[in-house]
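Here is the structure we will look at.
Read the figures in this text as sums done on the coordinates, not as results from a lab. All figures in this text were calculated on a predicted structure; none of them were measured in a lab. Note that each Cβ is placed from the backbone with ideal geometry, even for glycine, and that neighbours are counted across all protein chains shown.
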Amino acid sequence: MNPLYNFGIRAYAFGAKVLATRKEKVRKMLDGQKATFERLSQRLDPSRRYVWIHASSLGEFEQGRPLIEMIRRERPNCHVVLSFFSPSGYEVRHDYAEADTVVYLPFDLPKNAERFIDIVKPEMAIFVKYEFWGNYLSALHRRGIPTYIISSIFRRGQIFFRPWGGMFRKMLRCFTHIYVQDDASRTMLANIGITNVTVAGDTRFDRVTDILANVKEVTQAEAIAASAKVTVVAGSTWPADERFLLTYFNAHDDVKLIIAPHEVNEERVAEILAVISRKAVRLSQATPEQAAQADCLVVDCFGMLSSIYHFGDVAYIGGGFGAGIHNINEAAVHSIPVVFGPKHEKFKEASDLLTLGGAFSFIDNEGFTKIFDDLTSDTARRHEAGETAGKYIADNLGATRRIFDEIFVNA
């Protein structure tokens, strides 16, 4: 990549080092990056063939996971190196059993890219959704290593489509093939001369359907829901979401709440419990009998949310007042309506569900109250919206199979 790009990456890395003095997550990322090359050298077998799959964070991992598991199931001689950039992915999935090794991806500098590929020697590389790292892509392209991006989606405001975006358009030309979620993305790419594109859909639909078929037993969630007229499951919430959610919950005795904050730590759990004026218990500490007597269950552990949605009547999805909403498909697959804040424009599934009537969005307390008053009081409307959400998921299955067949079967 050109010197300006590399300068930007170095500045980003320097900023991360400064931030690491105050932020534990950033410190974990930098420590993890330092260990990457040694970890790869110790754990990889030079006689094996590796597929390198990169996901930025946990959300992108869940998008790539169905493909990883299909590769391991149908191509057992292919081994997987999984990399993350964000601690939200690595710290949760560093022991993921379907990968031979899981590492942090070092910053996108020329020496890092060359060294990483020298050690892994991937037979192919697969990036998930939004990952465009110029030095890694250039190194893969120079070596003739087939490189793909899956479940990608493009919008007009992205730098690829700006007059000054030439350097970033070159990154797109490094991909052997690009698998996008919709026709709009394919058309935008064609307008800038990128035609090695297939509309394959979003692999996240396949992933959440797997989750639905394997719902975990969460007896506390089942107990609180069984004793409720209406149960709201709020997933991946931030304080900006909770100011609406908890105010409403405190004032409505007919609604019970299961809430899973995005960041699970003692400080966040304590913040939530301090605001709740009704009886609340923590998942890790409550028996099913105690949960049944409570009004609110606070999920203070990882890995349960996707199953807990099964016990809800309405789902609230956090992130809509920050960088963007979290995974709405995890909730919609359980055939319940989903509600979220205004930052949803980057997510095709949100726009589709809003149009179909399976999802609802708001910008202020008045809008929040109206939506929840309607959904909690009108059982028929709630069920209709939930059925719409579930049908939308069912109608959009199959992206993983289409991508797998093109890359591994029909290549």
Relative contact order [Cα under 8 Å, 6+ residues apart], region 214-395, whole percent: 22 percent
Between 0 and 90°, nearest 10: helix 379-395 axis offset from the chain longest Cα axis: 20 degrees
Total charge dipole magnitude, region 261-334, about the Cα centre, Cβ charges on Lys, Arg, Asp, Glu only, Debye to nearest 20: 120 debye
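Once every DSSP H run of n ≥ 4 in the chain is given -39500 (n - 2.57) and the sum is divided by its residues, what mean residue ellipticity at 222 nm do you get, rounded to the nearest 500 deg cm²/dmol?
-14500 deg cm²/dmol
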Unit charges on C-beta of K, R, D, E only; dipole of the chain, Debye: 1980 debye
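So which trypsin sites (Lys or Arg not before Pro) in region 132-174 pass both tests, a DSSP loop state and at most 10 other Cβ atoms within 10 Å of the Cβ?
On the way: sites: Arg142, Arg143, Arg155, Arg156, Arg169, Lys170, Arg173; in loops: Arg143, Arg155, Arg156, Arg173.
Within region 132-174, the qualifying trypsin sites (Lys or Arg not before Pro) (loop, at most 10 other Cβ atoms within 10 Å) are Arg156.
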The chain, relative contact order in percent, only Cα pairs under 8 angstrom and at least six apart counted: 12 percent
Nearest-ten-degree value, helix 58-74 long axis tilted from longest Cα axis of the chain: 70 degrees
Angle between the chain longest axis and helix 3-20 axis [Cα atoms, degrees, rounded to 10]: 40 degrees
Given charges at Cβ of Lys, Arg, Asp, Glu: the chain dipole, positive-most of His252, Phe340, Leu19: Leu19
Pairs of lysines in region 214-395 (C-alpha under 27 Å apart; 8 or more residues apart or interchain): 20
Built amide H within the under 5 Å cut-off of Met124, gap 5+: Trp52
Amide H within-cut-off set for Arg282, under 5 Å, with H built and near neighbours excluded: Val298
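Classify region 214-395 as rounded, prolate or oblate from the Cα gyration tensor: take a ≥ b ≥ c as the square roots of its eigenvalues, call it rounded if a/c is under 1.5, otherwise prolate when a/b beats b/c and oblate if not. Write down the numbers at each step before the final one.
Details: a/c = 1.44, a/b = 1.31, b/c = 1.10.
Verdict is rounded for region 214-395.
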Under 14 Å, Cβ to Cβ, from Leu212 - net charge with Lys/Arg +1 and Asp/Glu -1: 0
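Can you list the trypsin sites (Lys or Arg not before Pro) in region 185-221 that are in a DSSP coil and have 12 or fewer other beta carbons within 10 angstrom?
Values: sites: Arg186, Arg204, Arg207, Lys216; in loops: Lys216.
Counting only loop positions with at most 12 other Cβ atoms within 10 Å, the trypsin sites (Lys or Arg not before Pro) in region 185-221 are Lys216.
Tell me whether the chain comes out rounded, prolate or oblate; compute the Cα gyration tensor, take square roots of the eigenvalues as a ≥ b ≥ c, and use a/c under 1.5 as the rounded threshold.
Working: a/c = 1.82, a/b = 1.62, b/c = 1.12.
Here the chain falls in the prolate category.
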At 0.692 mPa s and 37 °C, Stokes D of region 44-150 from Kirkwood alpha-carbon radius, µm² per second: 240 µm²/s
